[in-house]
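First comes the structure, then the notes that go with it.
Please treat every number below as a calculation from the coordinates, not as lab data. Worth saying up front: this structure is predicted, and the values here are computed from it rather than measured. Positions of Cβ are generated from backbone atoms using ideal geometry, with glycine treated the same way; all protein chains shown enter the neighbour counts.
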Amino acid sequence: MKRILPLAIAFVVPILLFSFLGVFPGSASEEEDVDKMIETATTPEDHIKIAEYYEKQAKKMEEKARLHGTLADSYKNRGKPFSGLAKHCSDLSKKYMEAAKDYKTMAMEHMKMAQDMQKQ
């Protein structure tokens, strides 16, 4: 059992770090696409697409927040040796929820821009 824990940590920590940093194939091109959309947005439809991107990102952040919240609870239940990991996961969960809130705000702003453009 004592051998399994270090191995599990060695595999889980890099996965968590990569998921937090968003370093997975395909994520860069989506971000490049939204950057181009933001630079060239001139129609309500453009702003709606950008808002949809931000909503999608908010959902991803909420999923990560839930995952890390669950991990924090699991570590808390394992006792004092795991308290540092519990705090780490709890802190990440809070940061992901803050990021989700920020993405939702950005989505709402772009939806407002689209609505304002449609009124004109």
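Summary of packing: across the peptides 32-42, 99-109, the per-residue average of other C-beta atoms within 10 Å ranks them, highest first, as 99-109, 32-42. Each residue of the stretch 69-84 was assigned a 3J(HN,Hα) from its phi angle through the Karplus curve 6.51 cos²θ - 1.76 cosθ + 1.60 (θ = phi - 60°); the sequence is x, 5, 4, 4, 4, 4, 5, 4, 6, 8, x, 4, x, 9, 5, x Hz, with glycine and proline shown as x. Gyration tensor over the Cα atoms of the stretch 42-120: the corresponding equivalent ellipsoid has semi-axes (square roots of 5 times the eigenvalues, largest first) of 38, 8, 6 Å. Look at the dipole of the stretch 42-120 built from charges on Cβ: of Met97, Met113, Tyr54, the Cα furthest out on the positive end belongs to Met97.
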